[in-house]
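Okay, so here's the structure we're looking at.
The values are calculated or read from the model by the stated rules, or taken from the named source; none is laboratory data. What you are looking at is a predicted structure, and each value in this text was computed from that prediction instead of being measured. As a convention, Cβ positions derive from the backbone with ideal geometry for all residues, glycine included, and neighbour counts pool all protein chains shown. The accessibility values were calculated without ligands, DNA or RNA, using every heavy atom of the protein model including side chains. Shrake-Rupley method; radii C 1.70, N 1.55, O 1.52, S 1.80 Å.
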Amino acid sequence: MRKKIVAGNWKMNTTLNEGVGLAKDVNEALKNVTPKCDVIIAVPFTHLASINAVIDSNRLGLGAENCADHKSGAYTGEVSASMVASTGATYVILGHSERRQYYGETSETLKEKVSLAFENNLTPIFCIGEVLEERENGTYLDVVKKQIEDALFNLSAEDFGKIILAYEPVWAIGTGKTATDDQAEEMHAFIRGVIAKKYGDEVAENTSILYGGSCKPTNAAALFAKPNVDGGLIGGASLDAQSFMGIVTAF
Ligand code: 13P
């Protein structure tokens, strides 16, 4: 059975003190509920080690928001997958649309990042999604299929089986414009079909596919009720412990 997951993506928000405080609040809140899903927070590199020291890893998973596409060496300012792993983090978001859009990440660089993540026992949360123009001109299914094929279909079935996918329509990120539950379900079912064709039904059925894009406590339950939506990747609403918990408990 595939896992249900709610993951926060803090993006470039919070100072170290604020971030440690927020992580502590989420960790505390999780003591009072028995969530029906795994809960993860992905936080800035600078916060990883400090946050790892204050959370209970059985309750709350920790991840980075990116890692370098090289192992080590003369890449000033970059943070490698092994550095991320050395903080105690076990997840890494890869291919977020903001990385693709603003930092020119391509499927070629993402392939390297995925492989380095695996070498360091990090679970990739791999993001895919179309821009508004592609949604409107009807190419959105093909666009997402190509993103998956180009960056991930070089993997063995065993490695592909370790990936968490996050469908994040770019037009829904930070805009307050959520995909409808039916739009999310259409894409998630399509993605599962694409995986089944390449890796077989078992791998497809076991792959967790999260939805991201203006997911909030008010719309999470309807999205998560869809059979192919296995949880959420949460931006803005993960920056407040109460609203993040409102989404966690939507399952
Ligand atoms: P918002 O929830 O702020 O729309 O962000 C979604 C996202 O990009 C998570 O990775």
In the neighbourhood of residue 71 defined by beta carbon distances under 12 Å, the net charge of the other residues (Lys, Arg +1; Asp, Glu -1) is -3
Any idea of the accessible area per residue across the chain, 1.4 Å probe, to the nearest Å²? 44
Report the rotationally averaged projected area of the chain based on its alpha-carbon convex hull, in square nanometres. 12.3
Given the candidates 9, 187, 95, the one whose Cα lies deepest towards the positive end of the charge dipole of the chain, counting +1 at each Lys or Arg C-beta and -1 at each Asp or Glu C-beta, is 9
222 nm [θ] for the chain, helices only, -39500 (n - 2.57) per DSSP H run of 4+, per residue, to 500? -13000 deg cm²/dmol
At q = 0.14, 0.21 Å⁻¹, base-10 log of I(q)/I(0) for the stretch 30-120 (Debye sum, equal scatterers on each alpha carbon): -0.53, -1.03
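Taking 8 Å as the Cα distance limit and 6 or more residues as the minimum spacing, I'd like the relative contact order of the stretch 189-251 as a percentage.
31
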Please identify, among 89, 220, 157, the residue showing maximal mean-square fluctuation in a Gaussian network model of the chain using a 10 angstrom Cα cutoff. 157
Label-point separation in nm, residue 34 to residue 240, each point 7 Å along Cα→Cβ: 2.9
Going by average Cβ density within 10 Å per residue, which order do the peptides 176-187, 194-205, 233-244 take, highest to lowest? 233-244, 176-187, 194-205
With every protein chain in place, the accessible area of residue 215 for a 1.4 Å probe, in Å² rounded to the nearest 10, comes to 10
Taking the Cβ of residue 21 as the centre, find all other residues whose Cβ is under 12 Å away and add up their charges (Lys, Arg: +1; Asp, Glu: -1). -3
Exposure ranking of 211, 140, 103 by accessible area [1.4 Å probe, largest first]: 103, 140, 211
Which one of 156, 173, 128 has its Cα pushed farthest toward the positive end of the charge dipole of the stretch 128-179, where Lys and Arg give +1 and Asp and Glu give -1 at the Cβ? 173
Given unit charges at Cβ for Lys, Arg (+) and Asp, Glu (-), the dipole magnitude of the chain about its Cα centre in debye, nearest 20, is 480
What does the charge count near residue 157 come to, summing +1 for each Lys or Arg and -1 for each Asp or Glu among other residues with Cβ under 11 Å from its Cβ? -1
